[in-house]
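Each remark here refers to the structure printed beneath this line.
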Amino acid sequence: MGNDIADLNHDGWLDVMTVDMLPADEKVLKSSLGDDPLTLYQYQRGYGYNDQYSRNCLQLNTGEGLKFSDIALYSGVAATDWSWSPLIADFNLDGRNDIFISNGIKNRPNDLDYVKFISGLPQNRASSGKRSHDKDILQHLPSGAWHNYIFEGDSELRFDDRSADWGFDQPTLAQGAAYADLDGDGAIDLVTNNMNEAAGVYRNNTRMQHPSNHYLTVQLKGRSPNTFWHRVKGGGIRGRQFVLPGTTAGKRVYEQFRTLIALRAGECRGGRQHLYYLAR
């Protein structure tokens, strides 16, 4: 129920991730309503509704913005339960993008036991008695609290679930999420908007655990009178061959809407890494 856009594989083209509500847990999956039956699906398509599948999609840009390929199942990020806000960034400073997904819903209205209970309630009640079953309905709604997910990316666009290893093993009701380097140490921290409780603020300890993983922060300032506008053309980090915000071989121009760019290069082992920057 949310999306993020980022260059997953550093090829200079933006990829898209959308999240939905397919559970990864087998028990939750089997006790929840699935996709619509084929007859209902075809009926809806006949009235102009588009295809809808209750799982995450990771759309890899394979055609310079004109063609995308869904690799969510291949990448291991198709099922993250009741998901809201995906964030794509390099959280562990290894030079490869990772994925964070906020998670949780107050109650699960698609739980099969709840659907069976609600279907058995009297349907033709006088208007004065329509609210008489509210307490029973709320008692039969199971909790939908679930832990946030965070995945570590590799060089093959596969993502390993590191939720428990990286401190996201507790059930939450987190919807909105944002990332920023709150303490200025070069590692991206996370903030989540949690239902009925204080916001979640998660400090990233990567710099303490992996001091050899490096980063570079660049402050860009455009020409007067609009100093917040600038264009970056060309770029790359020699040694690990990462494409920076910009274009490959000078073929296109990337318009950066933030004036502060953090570049994460991973671990440096021998030799120098160079940043090539051409502004105009």
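Looking only at strands (runs of 3 or more DSSP E) that fall completely inside the stretch 59-114, which ones have 1 or more residues that are touching a His at 6+ places or on another chain (Cβ under 8 Å), open to solvent by less than 10 Å² (accessible area, probe 1.4 Å) and in contact (Cβ under 8 Å) with a residue 40 or more places away in the chain? Walk me through how you get there before you give the answer.
Details: elements: 68-70, 83-89, 98-103, 105-107.
Correct list: 98-103.
Inspect all residues belonging to the stretch 23-37 and state whether any of them is loosely packed, with under 15 Cβ neighbours inside 10 Å and more than 26 Å from S163 (Cβ to Cβ).
The initial filter retains those residues of the stretch 23-37 that are loosely packed, with under 15 Cβ neighbours inside 10 Å, namely 25-27, 29-30, 33-37.
Narrowing further to those that are more than 26 Å from S163 (Cβ to Cβ): 36-37.
Yes - at least one qualifying residue is present in the stretch 23-37.
Which of the residues spanning the stretch 11-39 are over 21 Å from the mean Cα position of the chain (by Cα) and either part of a loop (DSSP other than H, G, I, E, B) or modelled with pLDDT under 90 (or both)?
Selection gives S31, L33, G34, D35, D36, P37, L38.
Could you say whether any residue in the stretch 193-205 is outside any loop (DSSP other than H, G, I, E, B), among the hydroxyl-bearing types (S, T, Y) and either modelled with pLDDT under 95 or open to solvent by less than 20 Å² (accessible area, probe 1.4 Å) (or both)?
Within the stretch 193-205, the subset outside any loop (DSSP other than H, G, I, E, B) is 193-194, 200-202.
Narrowing the set further to residues that are among the hydroxyl-bearing types (S, T, Y) leaves 202.
Pick out the ones that are also either modelled with pLDDT under 95 or open to solvent by less than 20 Å² (accessible area, probe 1.4 Å) (or both) and you get none.
No; the residues of the stretch 193-205 include none that is outside any loop (DSSP other than H, G, I, E, B), among the hydroxyl-bearing types (S, T, Y) and either modelled with pLDDT under 95 or open to solvent by less than 20 Å² (accessible area, probe 1.4 Å) (or both).
Which of the residues that make up the stretch 21-33 are within 22 Å of S75 (Cα to Cα) and not aliphatic (A, V, I, L, M)? Break it down stepwise before answering.
Applying the first criterion (within 22 Å of S75 (Cα to Cα)) to the stretch 21-33 yields 21-26, 28-29.
Those that are within 22 Å of S75 (Cα to Cα) and not aliphatic (A, V, I, L, M): P23, D25, E26.
Is it the case, given these coordinates, that D169 is open to solvent by less than 70 Å² (accessible area, probe 1.4 Å) and among the acidic types (D, E)?
Numbers: open to solvent by less than 70 Å² (accessible area, probe 1.4 Å): no; among the acidic types (D, E): yes.
Judged against the criteria, D169 is not a match.
Where residues in the stretch 210-239 are open to solvent by 90 Å² or more (accessible area, probe 1.4 Å) and more than 16 Å from D181 (Cβ to Cβ), which of them is modelled with the lowest pLDDT?
Taking the candidates together, the pick is R238.
So if I check each of N204, N226, which one is out of contact with any helix residue (DSSP H, G or I) (no Cβ under 6 Å at 6 or more places or on another chain), in contact (Cβ under 8 Å) with a residue 40 or more places away in the chain and not hydrophobic (A, V, I, L, M, F, W, C)?
Details: N226 fails: in contact (Cβ under 8 Å) with a residue 40 or more places away in the chain.
Matching residue, one of N204, N226: N204.
The values are calculated or read from the model by the stated rules, or taken from the named source; none is laboratory data. Just so we're clear, the structure is a prediction, and the values are computed from it rather than from any experiment. Glycine gets a Cβ as well: all are built from the backbone with ideal geometry, and neighbour counts include every protein chain shown. Areas reflect the complete protein model, heavy atoms only, side chains present, ligands, DNA and RNA absent. Shrake-Rupley method; radii C 1.70, N 1.55, O 1.52, S 1.80 Å.
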